[in-house]
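Structure record follows, encoded as structure tokens.
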Amino acid sequence: MNIMKKTLLRIGSACGLAMLFFGSSSVHAFCTEFDIAGIGVNCVGEGHKLVTGAIKPILRPEIWSDIWNGNYSQDDPFGDFAGDGQRHFESCRFATDGEIAGSTDYIRDTYHKALSYLNPADPDPVSAANNFGKLLHTVQDFYSHSNWINLLNISAPTPVNPTHLIDNTTGEWRLLSPLSIVQDDIIVGQIPTSGLPGGWQVEQELTSETPFFMTNEGSFLRGLIVGWNSNGACPDVREGTTIDEYSHVKLNNSTGEVTQIPRNLKLTHGESKIAGRYDLDIPLLINTYQETRPCHDGYPTYVCLQKDHPGRPDYGQAIHLAEYQTAHEWCRLLQLAKDSQYGYAASSILMTLWAKPHDEPVGPDPITTSACGTPPEVLAGKPGPIEVTVDPDDVYVNHLPVPDVPVGRTAVFAVYTGDFRRSISRQGFGLTDDSRVRTDSITLCVKPTDRLVATIWGWDDFDDDPFYPTLSPTDRILRGPTWVLDGPGFQPPEDDQENQDMYVGIDVTVGGADPDGDGLSTACGETFYGTDPLDADSDDDGLTDGAEVNTYGTDPLDADSDDDGLTDGAEVNTYGTDPLDADSDDDGLTDDAEVNTYGTDPLDVDTDDDGLTDGEEVDTYGTDPLDADTDDDGLSDSQELDVGTNPLNPDTDGDGLLDGQDVDWIEDAILAIPEDAIQSSGKKGNRNAMLNLLADAEAHLRRGNIKPALDKITTLRSRIDGCGSSPDSNDWITDCAEQVRIRQLLDILIANL
């Protein structure tokens, strides 16, 4: 419908609108602003138009107008107004109950209708916008027409934020059923037509707008309700009431049974006072309201559940939450379009034909805290280190111009991230007698894990000035291709453009101007990391800035990223150590200490292979990490610790024999053998026999007689030489583990002698 037709219809319907806007009930929540010939004549700046304006800055004016027309039609007596209350979140009908459809069902169904018009094969962006406006009206009504804000304990001047939204997911609106739990202890206050479940009850204090449900398990749940009811069971079970002025039903709390009753005009649950006019007091109508039934802040109930007018309780919070939700629905629409059978081709229609051409950080979501909001790093000027330029070739259109109709042609080229949080678009113009339309290239700074979507769509402009084009229902949509570019390469896949109206290829360039040749582009990489675009090695550590961030992950502004005393370049190029790990071999000594203080190998946890880590030798035992036998006594440092000798004293017991040529530590080991590990016959004698041989050997050693000492030790070893699979019959030690341990000690002694 063009502007003139809309204006004539509004002028022609002015008398009918007077009843709707100046004399109607505010059951339809936020008032519907409208104008005649561009002049606001009803609740200007107070209602649905104000809230829907949350997304106005990011949309083409004509698309926002189509969205607003859909929103407006919900209260238009010549449009959709005659439909039932599900469009306005009335009657506590969140969910379908029997044959009565619920408001959340309506939101989902209308989303499906909007998405059906985003079919890339036959797109109708204007009809999609109109349906999007319809569902926005329902979504917005929830906040002005329910006790949601009261249940969240939000009251002026407490600021609201997106965490307070009824649905801040990005998938389809949740399908509710009567008595669904919506958050913590908040339950939908829609009593099923079949009544409450067995054992349930519902009560309501006289001064409260909130009914409390009690389950058969004794749990208490606060009821989420809306403020008007035509034929559903919306609870108002306070003393002296039935359920609701318009409910026509009565609830039996003991049985949960719902029965029909005559209409009672004295029972209000949110109907606005004096038919939508808040500043009048008509005596003939005043008795239809019970002002003795106040809500949480002392106002009559019909006020507290109507947050639809400046000055009413919680109006400000309701407005802001509705604005947040409206912006979030734009985000949801993008996500649902992408997740539909059409994929990114459907969301590309929205990003090109709905959204205004723009640079970053504008759009696509005006509320940056939402799921599609601009990332903080983008707002801070550091979106990513990789410079990606997507350049469309000349766009060729296969549609011939309409004879004798001079028309313009518009092509919109856009690149956006797969999560819709960032986008840039460019618009090109041409006349239809030229099959080409040129659009400019787009450059983004991105991260290697990002996904980019490049797309082009357009239209033939039949009835507008070709140099000031707008998209209208009479225009011919020009279908274009969509490419998905995944990082870190961001190269486009081959695409089939056979069923499209515009033919175009794209060239993708990764990287940009790099005056210092360090591998980081000036526009993105150097900006992202804060490095000097004219100095290839900003921190003078021996690694180029590009190598630090792209290869080694080090800090290009810190010469020693791991603070171990070695520069990053020295670690990489000289020592082969890890520039991000101060102790590359995890031996307890920093790489710098190993290289510059102790001379140990920073890549070898035990430089002298003595069984002790370099760190243990330095920090715990005081031994030399470069000498396996620090005291040169014939036993390695770790062997001495195992047998109890001192690795810093070559003659621990001071008997004149080096520890490695002494028998005392072997005697101690034999004394420690359990009784059941020694041959059963003559256990004590066998242990004594072993000790005697060692004593004889030691006596020879003291006199310097090595050969007879070795003979004694060899004799002892011959009595513990079994345990190939089992001990020999003549072995004095029958436990193989003990036998092998003692035999290894004897072998060390024999080797040293």
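A simple rule links phi to the HN-Hα coupling: the Karplus curve 6.51 cos²θ - 1.76 cosθ + 1.60 with θ = phi - 60°, which for region 107-122 gives 4, 5, 4, 6, 4, 4, 5, 4, 5, 5, 7, 9, 5, x, 6, 8 Hz, with x for Gly and Pro. Take 649-658, 597-606 and order them by the average number of nearby Cβ atoms within 10 Å per residue, most first; the result is 597-606, 649-658. Measuring from centroid to centroid over Cα atoms, what is the spacing of region 737-753 and region 600-652 in Å? Cα centres, region 737-753 to region 600-652: 20 Å. Counting every alpha-carbon pair across region 419-465, the share separated by more than 18 Å comes to 46%.
Of the chymotrypsin sites (Phe, Trp or Tyr not before Pro) found in region 423-515, those that fall in a DSSP loop while having at most 14 other beta-carbon atoms within 10 Å are 467. Here is the result for region 391-485: no trypsin sites (Lys or Arg not before Pro) lie in DSSP coil with at most 12 other C-beta atoms within 10 angstrom of their C-beta. Assuming R0 = 30 Å, can you tell me the calculated FRET efficiency for the pair residue 36 and residue 462, based on Cβ-Cβ distance, to the nearest 0.05? The calculated FRET efficiency here is 0.65.
Taking the square roots of 5 times each eigenvalue of the Cα gyration tensor of region 663-752, largest first, gives ellipsoid semi-axes of 22, 13, 11 Å. May I ask for the net charge around residue 458, where only other residues with Cβ less than 10 Å from the Cβ of residue 458 are counted and Lys, Arg are +1 while Asp, Glu are -1? Cβ neighbours under 10 Å give a net charge of -1.
If you bin all the Cα-Cα distances of region 522-582 at 5 Å, starting from zero, the percentages per bin are 4, 23, 33, 22, 11, 6, 1. For region 343-510, the calculated P(r), taken from all Cα-Cα distances in 10 Å bins from zero up to the bin holding the longest distance, is 10, 40, 32, 15, 3, 0 percent. In region 663-752, a dipole from Cβ-located charges (positive for Lys and Arg, negative for Asp and Glu) runs towards its positive end, and of 732, 752, 706 it is 706 whose Cα lies farthest in that direction. Within the shell of other residues whose beta carbon sits under 14 angstrom from the beta carbon of residue 357, the net charge comes to -1, with Lys and Arg scored +1 and Asp and Glu -1. Here's how it looks for residue 182: its modeled amide H is under 5 Å from those of 187, 188, which are all 5 or more places away or on a different chain.
Each value in this text was obtained by applying a stated rule to the coordinates, not by laboratory testing. Remember, it's a predicted structure, so these values are computed and weren't measured experimentally. Here the Cβ is made from the backbone with ideal geometry for all residues, glycine too, and neighbour counts use every protein chain on show.
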